[in-house]
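Visitor: Before I ask anything, here is the structure I am working with.
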Amino acid sequence: MSPLRPQPPRSRPGFARIGLLTAAGLLAALTTSDAEAARRRAANFDGTWNVVFATRAGNCSPTYNAPFAVQGRRVASAGGGKVTGGITGGGNVAVRISVGASVANGRGRLAGTTGTGTWSGVIQGDRCHGVWQATRS
């Protein structure tokens with residue numbers, strides 16, 4: 001009989017390497033997933049938004065309508081006037097609208113297919129402010 005000798009634990013060939021590759025793949029998948037999620041959030045607002053501005057104070061028309069175009073993080077005019085602005089992935093929006101000598105700034109939030117906010121500006125020489133509501137076409 002031979003004396004019993006402790007044997008070193010058997011390791012599976014390549015087990016450590018497979019574990020490392022799996023961890024690297026998981027990290028890459030999570031990073032890609034995060035980037036993809038951020039891209040989808042930004043695209044969630046893409047499209048044409050019909051915006052109705054209601055005057056709450058000032059000698060301006062009671063309502064104005066304007067279509068806005070959202071693409072990625074940018075907001076622009078979808079017809080009539082000049083619109084510049086941006087939107088965050090969470091839907092916070094800030095815009096500047098100008099038509100001739102009239103200029104207004106607006107802030108608010110889009111969520112799903114609707115949005116609300118406030119605006120203020122000088123419309124045909126009169127200082128006014130109010131609220132706005134938007135719906136995606």
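Visitor: Please tell me if Ala78 is within 19 Å of Asn44 (Cβ to Cβ) and touching a Pro at 6+ places or on another chain (Cβ under 7 Å).
Guide: Yes.
Visitor: Is it the case that some residue within segment 86-104 is in contact with an Asp or Glu (Cβ under 8 Å, 6 or more places away or on another chain), at pLDDT 95 or above and under 22 Å from Gln124 (Cβ atoms)?
Guide: no
Visitor: Related question: Determine the pairs where a residue that is under 16 Å from Asn105 (Cβ atoms), located within segment 54-65, has a partner that is surrounded by fewer than 11 Cβ atoms within 10 Å (Cβ to Cβ) with Cβ atoms under 6 Å apart, the partner being 6 or more residues away or on another chain.
Guide: Every condition considered, the pairs that remain are Thr55/Pro62.
Visitor: Every residue in segment 66-99 that is touching a residue at least 40 places away in the same chain (Cβ under 8 Å) and part of a loop (DSSP other than H, G, I, E, B), please.
Guide: Residues satisfying the conditions are Gly89, Gly90, Gly91.
Visitor: What number of residues within segment 100-123 are in contact (Cβ under 8 Å) with a residue 24 or more places away in the chain, surrounded by fewer than 17 Cβ atoms within 10 Å (Cβ to Cβ) and part of a strand (DSSP E or B)?
Guide: Residues in segment 100-123 being in contact (Cβ under 8 Å) with a residue 24 or more places away in the chain, surrounded by fewer than 17 Cβ atoms within 10 Å (Cβ to Cβ) and part of a strand (DSSP E or B): 0 in total.
The values are calculated or read from the model by the stated rules, or taken from the named source; none is laboratory data. From a predicted model like this one, the values you see are computed outputs, not experimental measurements. Every residue, glycine among them, receives a Cβ derived from its backbone with ideal geometry; neighbour counts consider all protein chains shown.
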